[in-house]
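Here is the structure we will look at.
The values are calculated or read from the model by the stated rules, or taken from the named source; none is laboratory data. If you're wondering where the values come from, they're calculated on a predicted model, not measured in any experiment. Every residue, glycine among them, receives a Cβ derived from its backbone with ideal geometry; neighbour counts consider all protein chains shown.
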Amino acid sequence: MLGAIIGDIIGSIYEWDNLKTKDFEIFNSKSFFTDDSVMTCAVAQGLMNSNLNDEEDTRFQIIKQMLELGRQYPNCGYGGMFRQWLFDQNQAPYNSYGNGSAMRVSPVAWMSDDLEIVLRLAKNSAEVTHNHPDGIKGAQAVAAAIFMARQKKSINEIKDFIQKNYYILNFTLAEIRDTYEFDETCAGTVPQAIVAFIEAESFEDAIRNAISIGGDSDTLAAITGSIAEAYYGIPENLREMALAKLDDRLRRIVIDFEKH
C-alpha cells in the first residue's frame, strides 16, 4: 500500500498542472498526501479490523474507517459524490464507476495468498461506494495485478491476465501522451496506470511513466505505484520521503499494516 501513497504524494502537485514528460523532480517540498492516501489507509485499517471471511463485516469495517479517517481530513481532495457520501447520515453506495475504487484498493492484495479471496475483498472495498460494475472491475483489475506481482509473475503474464479478464492494453504511453486528458473513471484511468507499470524498468520509473501522461496524476501514480511496489519493491529514499509526508495517524496505519 505504501507504493500507492508514494505515487499519490509525488503526483499531488501535477494533478492540476499536468506534465507530459518523465523529466521532473521526484522529491518536491510542495508535494502532499491527498484523499487517495487517506482512503488507502482507511481500507487497510478496515481490513485489519475485519473478519475477512464475513463480507458484511468487511464492508462494515471499511465504511467505519472511511468515515473515521475521512472526516478527520475534510479538505484533502474528495470528489463531489464521495464527499456527500462521507458526510451524509446514510452511507448507501451511489453506483460510481470513478477511479476512487482503484486508487484505494491496494491493501486487499496483501491480505491473502488466494487470488479468489483477494478479488472478493477488492469487490467488498469497492462496492461500499463504487457498486457500478465498472467501479468493481477497476478495483479488481488493480488488485489482481498487485497480487500477481507479489507472486513473482512476469510482466507479460500480468498483462495477459488483465487483457483476458479486464482491459485491453493495446496502446503505449508514447501513443497517448500528447492527447490523453483528465479522466476520473476507472475505464479511463486503470488501463493507463497498468501500462505505466508494464513499460517501467523500476519503481521510480513506473511513477515517472504514470505522471508523464498527464490526467489525474496523483491517482494514476497511486495505482501504478501500488503495482510497482509489489513487483520491484520500494527504494528506501522514497519510503522515507513518504513516511515523512504523512502525519502520525496515517504513518502508524502504514507501519501496522506492514507488520500485520
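Return only the number of the condition from (1) free of Cβ contacts under 8 Å to residues at least 40 places away in the same chain; (2) touching a helix residue (DSSP H, G or I) at 6+ places or on another chain (Cβ under 8 Å); (3) under 22 Å from Glu55 (Cβ atoms) that Pro133 does not satisfy.
(2) is the only condition that Pro133 fails.
For (1) modelled with pLDDT of 95 or more; (2) surrounded by fewer than 16 Cβ atoms within 10 Å (Cβ to Cβ); (3) touching a Cys at 6+ places or on another chain (Cβ under 8 Å), each residue gets a yes or a no:
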{"residue": "Gly100", "(1), (2), (3)": "yes, no, no"}
{"residue": "Val105", "(1), (2), (3)": "yes, no, no"}
{"residue": "Lys137", "(1), (2), (3)": "yes, no, yes"}
{"residue": "Gln151", "(1), (2), (3)": "yes, yes, no"}
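Looking only at residues that are of a type in the set (A, V, I, L, M) and under 13 Å from the mean Cα position of the chain (by Cα) in segment 184-215, which one is surrounded by the most Cβ atoms within 10 Å (Cβ to Cβ)?
First, the residues of segment 184-215 that are of a type in the set (A, V, I, L, M): 187, 190, 193-196, 198, 200, 206-207, 210-211, 213.
The next check asks that each one be under 13 Å from the mean Cα position of the chain (by Cα); those that pass are 190, 193-194, 207, 210.
Numbers: Val190: 29, Ala193: 34, Ile194: 26, Ile207: 28, Ala210: 36.
In this case the residue turns out to be Ala210.
Can you tell me which residue among Asn53, Asn131, Asn124 is surrounded by fewer than 17 Cβ atoms within 10 Å (Cβ to Cβ) and either part of a helix (DSSP H, G or I) or over 15 Å from the mean Cα position of the chain (by Cα) (or both)?
On the way: Asn131 fails: surrounded by fewer than 17 Cβ atoms within 10 Å (Cβ to Cβ); Asn124 fails: surrounded by fewer than 17 Cβ atoms within 10 Å (Cβ to Cβ).
Within the list Asn53, Asn131, Asn124, the selection yields Asn53.
Kindly indicate which of Leu119, Leu115 is within 27 Å of Leu86 (Cβ to Cβ), at pLDDT 95 or above and either hydrophobic (A, V, I, L, M, F, W, C) or touching an Asp or Glu at 6+ places or on another chain (Cβ under 8 Å) (or both). Don't jump to the end; show me each part of the working.
Working: Leu115 fails: within 27 Å of Leu86 (Cβ to Cβ).
None of the other options fit; the residue is Leu119.
Looking only at segment 18-37, decide whether some residue is modelled with pLDDT of 95 or more, over 13 Å from the mean Cα position of the chain (by Cα), buried (at least 17 other Cβ atoms within 10 Å of the Cβ) and not small (Gly, Ala, Ser).
Within segment 18-37, none of the residues are modelled with pLDDT of 95 or more, over 13 Å from the mean Cα position of the chain (by Cα), buried (at least 17 other Cβ atoms within 10 Å of the Cβ) and not small (Gly, Ala, Ser).
Please work out which residue is farthest from Ser50 (Cα to Cα), limiting yourself to segment 85-119 and to residues that are of a type in the set (S, T, N, Q) and within 11 Å of the chain's Cα centre (by Cα).
So in segment 85-119, the residues of a type in the set (S, T, N, Q) come out as 89-91, 95-96, 99, 101, 106, 112.
With within 11 Å of the chain's Cα centre (by Cα) added as a condition, the list becomes 99, 101, 106.
Details: Asn99: 24, Ser101: 19, Ser106: 16 Å.
Selected residue: Asn99.
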